[in-house]
1. Once you have a ≥ b ≥ c as the square roots of the Cα gyration tensor eigenvalues for the range 84-159, tell me rounded if a/c is under 1.5, and otherwise prolate or oblate according to whether a/b is larger than b/c.
2. Tell me, 169, 123 in order of fewest to most beta-carbon neighbours within 10 Å?
3. For the range 125-213, compute the orientation-averaged projected area of the C-alpha convex hull (one quarter of its surface), in nm².
4. Please report 187, 275 as a ranked list, fewest other C-beta atoms within 10 angstrom at the top and most at the bottom.
5. If I take R0 = 35 Å and measure r between the Cβ atoms of residue 189 and residue 115 in this structure, what FRET efficiency does the formula 1/(1 + (r/R0)^6) give, to the nearest 0.05?
6. Any chance you could list the semi-axes, whole Å, largest first, of the equivalent ellipsoid that the Cα gyration tensor gives for the range 155-263, using √(5λ)?
7. Could you give me the percent of Cα pairs per 10 Å distance bin for the range 222-267, shortest bin first, beginning at zero and ending with the bin that holds the maximum distance?
8. Mind checking the log10 I(q)/I(0) for the range 210-329 at q = 0.11, 0.14 Å⁻¹? Debye, one equal scatterer per Cα, no solvent, two decimals.
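Computed from the coordinates by the stated procedures, all read-outs in this text should not be read as laboratory data. Computed from a predicted model, the values in this text were never measured in an experiment. Cβ atoms come from the backbone with ideal geometry, glycine included; neighbour counts cover every protein chain shown.
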């Protein structure tokens, strides 16, 4: 977990430039890098090898996109639905990616750490492609969008799944109950709150903004934002709710804010052919909650998968949990 945007960039190490071909910003622009972004285009490094790593280097960090597929396989995948899942190297994101790939969907495994993304894609097998994507890094998001446009020309399904619940729980060795107490409004760490909201709220919005032009290229586009029932103000304001006492401004508050920006997206897309849905996977046993959840990955992923596989006539503007149960806003 990273306490700030600046700190998050420290995880990158410089990529050796030996044996690489340097592509100028002008060439990168012709390739479509940073489509839909007003960011300055950095130098781009391409290594001419069988498996194709594409590296985009900024003054602060390199970003990588990796594809280990030949051109014939890639052409075959283009005829399937193209899905991008953020935070797909583990947890609910991984399980959803696995099930979508089993349903003949080409799945881009969005992962902050490219090595973890590769490992996840290898476990899933055919139809899974690792993609370096950090939702808190605008350059990373833009590079991912450029890659999708270059290889596929469109995006049919965007699943905003990437999320963190805290940064202090692990650092301080806290239980989930203790972390909830640390997140009370009167004593919450503002640095922790900013870090969580950077991923869960601003990350969701940032990915939406950059991927929207690609979704507009699809004849059957859908966005699925993975939220949580604890983001429901209706439920959390009810003293009889079992989660009422646990509502805080860090993770629950971030999910309420994510719900709010999702509503704004729904309103913006009302006159378009792009569908958007909000889904709660429930209290699933994942790294997000220190594996203290009560539902399995398979159970927690069911509603996300169901909604992701809805056809063009499927509903939009819904907020549900399994099995298609409406959650009040």
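1. oblate
2. Least crowded to most crowded, the residues run 123, 169.
3. 7.7
4. Ascending number of Cβ neighbours within 10 Å: 187, 275.
5. 0.75
6. Taking √(5λ) for each eigenvalue gives 29, 16, 10 Å, largest first.
7. Per 10 Å bin, starting at zero, the Cα-Cα P(r) for the range 222-267 comes out as 29, 49, 19, 2 percent.
8. -0.39, -0.62
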